[in-house]
Amino acid sequence: MKEADINWSALGFGYVPTDYNVRCYYRNGQWGEIEVSSSETIEMHIAATALHYGQECFEGLKAFRGKDGKVRVFRPIENAKRIQDSARGVKMAEITTEKFMEMMETVIRLNERFIPPYGSGASLYIRPLEIGMTARVGVKPADEYCFLMLVTPVGPYFKEGFKPTNICLTREYDRVAPKGTGRFKVGGNYAASLVAGEKAHELGYSAVLYLDPKEKKYLDECGPANFYAIKGNSYITPASESILPSITNDSLMQLARDFGMEVERRHVPVEEIPTFDEAAACGTAAVCSPVGEIHDLDTGDKWVIAKDGKPGPVTNRLYDTLNGIRLGEIEDTHNWNVVLDF
Ligand SMILES: *Cc1c(COP(=O)(O)O)cnc(C)c1O
């Protein structure tokens, strides 16, 4: 198989066409066979519930080519469980873990020539998606669902080096409701974050740090990424019903424990911000995205977290360790990787 003609180091986080995607349909109360497609479009009814009532959920995970030529996917079973949870959250049929894993392996193998080479910093991004297909005008869940997985090669997140960026907080916008869908990975949460997100970008911030939507007293998460802070020997991350349980954050908490740190998962009040030694957003895309300053757009408060303008030592160590495990360079003591032989 000929390697795809792609300048791996110039790749961003965009959509690059690949050869195949895989699909599976839920009809008559059961999931069918996995279908391989080379089409980049789907045919669906103009009244499908996904389009009108937001019945959709998705996942995002990455496959990496290691020095040993093997391909590693980081904790995919956690993504399978989470998309089952998200599907339940918006009343859709749940895919089985077995089917999820089979679809994932199939779509990676079929697109082998798009898996970036070791050392490029790039990876193969895997995007599972489930949508409600039944035509409905009245509000009611679909009977038929389409579960698909597409892949696309993506570049390294930090092109200009691993550097802190500034984030902002505001009480003007919420992305989710207190007992709403924040803990599910559904497109509707993203639609609800676009206005605030674009506003923040226009003002030069990389993200909005959302507050808890009920009291606006505690830190929640950074748009599409979780948030953590380091204080002394503690890794502190918000406990909240309205944030998405990030697999990266869960992994970083484990690594912090491995480093002998205390992990505190609790309410984190806004007033605690000035006591942070380090802070970062975390998620599959970046692993850790260190925070330089946090600006409160409502009060005008500005807190400098990264005092020398560089990522802190704990964030550096967490970032290097997690990346090393994903690439097979550091021993995977928690058996996080699913390893595919080619
Ligand atoms: C996907 C996502 C994250 C990050 O989760 P990971 O499993 O670490 O990639 C965080 N917050 C939200 C809202 C998300 O959708």
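The values are calculated or read from the model by the stated rules, or taken from the named source; none is laboratory data. No experiment lies behind these values; they were computed from the predicted model shown. Using ideal geometry, Cβ is built from the backbone for each residue, glycine included, and neighbour counts are taken over all protein chains shown. For accessibility, only protein heavy atoms count, side chains too; no ligands or nucleic acids. Shrake-Rupley method; radii C 1.70, N 1.55, O 1.52, S 1.80 Å.
A few points about this structure:
- Within region 1-46, considering residues that are among the hydrophobic types (A, V, I, L, M, F, W, C) and farther than 18 Å from L129 by Cβ, the one surrounded by the most Cβ atoms within 10 Å (Cβ to Cβ): L11
- Cβ-Cβ under 8 Å pairs, at least 6 apart or on other chains, region 206-226 side more than 19 Å from T248 (Cα to Cα) and assigned by TED's automatic domain parsing to the domain that holds G283, far side acidic (D, E) and within 12 Å of the ligand (Cβ to nearest atom): L211/D220; D212/D220; P213/D220
- Residue satisfying all of: in region 55-71; within 16 Å of the ligand (Cβ to nearest atom) and open to solvent by less than 30 Å² (accessible area, probe 1.4 Å); farthest from I115 (Cα to Cα) among these: C57
- Failed item in (1) modelled with pLDDT of 95 or more; (2) part of a loop (DSSP other than H, G, I, E, B); (3) within 24 Å of the chain's Cα centre (by Cα), with R23 passing the rest: (2)
- Residue check, G197 under 17 Å from C168 (Cβ atoms), modelled with pLDDT under 95 and assigned by TED's automatic domain parsing to the domain that holds C282: no
- Comparison of K159, K99 shows that the only residue that is of a type in the set (K, R) and assigned to a loop (DSSP other than H, G, I, E, B) is K159.
- Restricting L110, L148 to residues that are more than 21 Å from the chain's Cα centre (by Cα) and open to solvent by 10 Å² or more (accessible area, probe 1.4 Å) narrows the list to L110.
- Of all positions in region 290-297, at least one carries a residue that is open to solvent by 70 Å² or more (accessible area, probe 1.4 Å) and in the same structural domain as S246 (by TED's automatic domain parsing).
- Residues of region 236-253 that turn out to be farther than 16 Å from L318 by Cβ and more than 9 Å from the ligand (Cβ to nearest atom), as a count: 5
- Subset of region 29-71 that is acidic (D, E) and in a strand (DSSP E or B) - its residue that is nearest to A93 (Cα to Cα): E56
- When K91 is tested against the conditions (1) at pLDDT 95 or above; (2) surrounded by 16 or more Cβ atoms within 10 Å (Cβ to Cβ), the lone failure is (2).
- Single residue of region 214-233 satisfying the filter (open to solvent by less than 20 Å² (accessible area, probe 1.4 Å) and more than 12 Å from the ligand (Cβ to nearest atom)) that is nearest to T170 (Cα to Cα): L219
- Test: residue in region 254-270 that is within 15 Å of the ligand (Cβ to nearest atom) and within 17 Å of the chain's Cα centre (by Cα): no
- The residues in region 177-193 that are part of a helix (DSSP H, G or I), more than 9 Å from the ligand (Cβ to nearest atom) and either under 12 Å from V90 (Cβ atoms) or touching a strand residue (DSSP E or B) at 6+ places or on another chain (Cβ under 6 Å) (or both) can be counted, and the count is 2.
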